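Peer 1: Here you go, one structure.
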Amino acid sequence: MQPALSQTPVTVLTGYLGAGKTTLLNRILTENHGKKYAIIVNEFGEVGIDNDLIVDADEEIFEMNNGCICCTVRGDLIRIIDGLMRRRDRFDAILVETTGLADPAPVAQTFFVDEDVRSKTKLDSIVTVVDAKHLLGEIDEAHEAQEQLAFADTILINKTDLVSADELKQVEDRIRRINPTATLHHTQRCNIDLNQVLGRGAFDLDRVLEVEPDFLDEFHEHEHDDHVSSFALVAKEPLDPNTFLPWLGTIIQHLGMDILRMKGIISFKNDDDRFVVQAVHMLLDGDHQRPWKPEEERITRLVFIGRNLPKEVIEAGFNACRA
Ligand SMILES: Nc1nc2c(ncn2[C@@H]2O[C@H](COP(=O)(O)OP(=O)(O)OP(=O)(O)O)[C@@H](O)[C@H]2O)c(=O)[nH]1
């Protein structure tokens, strides 16, 4: 084993779909803290969007889109970390943003059971972001959301602007029933002093072994919610905003209960700016992001993640929005 000082710290960012992980990541990438991070991002679904929602930073970003980080891509995670370790002079620490549907246990486990990874890295902390507005409605059905809370060292109860003080108290009580010891913070758009999140040395293996006694066993079992699925819609032709935006509003209004997450990069006719749309259940956001770059192909990509979503209906409506 290498001496502890040369082990690169790793922060794992987790949180259920749409809680605010990318918002926190963007904060980390834009605030002036004098540290350089290597970023590993994993998302659910065959069309990657997250990379386009992360601010343009000079950090290197590695994407893993081929499945859930906790299952099929663990080999990829090990390979990426291995590659990073060959040029570890270029960054100070590693950040892993997992999909909203990942169980963090197998991710954390990678840093203990793989001998090579273990000798070169040190799991600094598991930070879980919570959507204060939607947690109570989701938590009983979402096994992954419970695991994300159980394993956290630090929990950001985010989107406090969307709930009353009473609701916030109920959210906090529910979290405390799952995890009595993690440090809790209340945030809006993940506005937190980054010293509260990074470089804390907060990960405590003994506590995790209490939650999950077989944590260090090689073949850790975990479950997924099989009813959750995702699909992507892609269009090479520009869309008509006057058709698309009202259509999307109607879809979100009617199917919002079952839409866990929707996000997309849209190319509108006669518009040189990329338009970003995002929804978590019924809350829909949309705004211009930045001009399309000359070398970028203006392709619209829209991803839906949800329970029992009528893909054909949504697809037909989407196709009718082509300008
Ligand atoms: N009202 C409100 N909206 C927020 C807050 N934080 C983030 N959002 C919005 O919530 C949506 C989801 O935020 P993201 O940071 O993309 O969430 P995420 O956890 O990375 O989402 P996935 O990776 O898709 O699971 C975006 O539309 C954000 O602008 C907040 O504190 N208040």
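None of the figures in this text is laboratory data; all of them are computed from the coordinates on show. Since we're looking at a predicted model, the values are computed, not measured. So basically every Cβ, Gly included, is an ideal-geometry build from the backbone, and we count neighbours across all protein chains shown.
Peer 1: Quick one: compute the contact order of the chain, relative version, from alpha carbon pairs under 8 angstrom and 6+ residues apart, as a percent.
Peer 2: Worked out over the chain, it gives 18 percent.
Peer 1: Report Rg(Cα)/(2.2 N^0.38 Å) for region 183-296, keeping two decimals.
Peer 2: Relative to the 2.2 N^0.38 Å estimate, region 183-296 comes out at 1.56.
Peer 1: Hey, another quick one. I'd like the distance between the alpha-carbon centres of region 281-323 and region 254-270, rounded to an integer number of Å.
Peer 2: First find each Cα centre; the distance between them is then 5 Å.
Peer 1: With each label point set 7 Å from Cα along the Cα-Cβ vector, what nm distance links N195 and S119?
Peer 2: It works out to 3.6 nm between the two label points.
Peer 1: If you don't mind, another one. Using 0.36 nm times the number of residues separating R176 and L216, minus their current alpha carbon distance, what extension gain do you get?
Peer 2: Additional length available on full extension: 11.9 nm.
Peer 1: Sticking with this structure for a sec: Return the distance in nm (one decimal) between the two label points of a simple spin-label model at R307 and T30, each offset 7 Å from Cα along Cα→Cβ.
Peer 2: 3.4
Peer 1: For all pairs of alpha-carbon atoms in region 101-218, what percent lies in each bin of width 5 Å, listed from the first bin to the last filled one?
Peer 2: 2, 11, 21, 22, 20, 13, 7, 3, 1, 0
Peer 1: Divide by every residue of the chain the summed helix terms, -39500 (n - 2.57) for each DSSP H run of at least 4, and state the resulting mean residue ellipticity at 222 nm, rounded to the nearest 500 deg cm²/dmol.
Peer 2: So the calculated ellipticity at 222 nm is -8500 deg cm²/dmol.
Peer 1: Please give the length that would be gained between D271 and M85 if that part of the chain were fully extended, namely 0.36 nm times their separation in residues minus their C-alpha to C-alpha distance (nm, one decimal).
Peer 2: Extending this stretch completely gives an extra 62.7 nm.
Peer 1: Pick out, from I155, I54, A105, the residue whose Cα sits farthest towards the positive end of the charge dipole of the chain, with +1 on the Cβ of Lys and Arg and -1 on the Cβ of Asp and Glu.
Peer 2: Working it through, the farthest residue towards the positive pole turns out to be I54.
Peer 1: Provide the gained length on full extension for the span D92 to K293, in nm with one decimal, where the gain is 0.36 nm per separating residue minus the Cα-Cα distance.
Peer 2: Extra length available between D92 and K293 comes to 69.4 nm.
Peer 1: Pairs of alpha-carbon atoms within less than 8 angstrom and 6+ residues apart define the contacts here; what relative contact order does region 226-278 have, in percent?
Peer 2: 31
Peer 1: How big is the charge dipole of the chain about its Cα centre, in debye rounded to the nearest 20, if each Lys and Arg gets +1 on its Cβ and each Asp and Glu gets -1 on its Cβ? Can you show the working numbers first?
Peer 2: Values: 34 positive and 57 negative charges, 165 e Å.
About 800 debye.
Peer 1: Using the scaling law 2.2 N^0.38 Å as the reference, what is the normalised Cα Rg of region 7-211?
Peer 2: Rg over 2.2 N^0.38 Å, computed on Cα atoms: 0.96.
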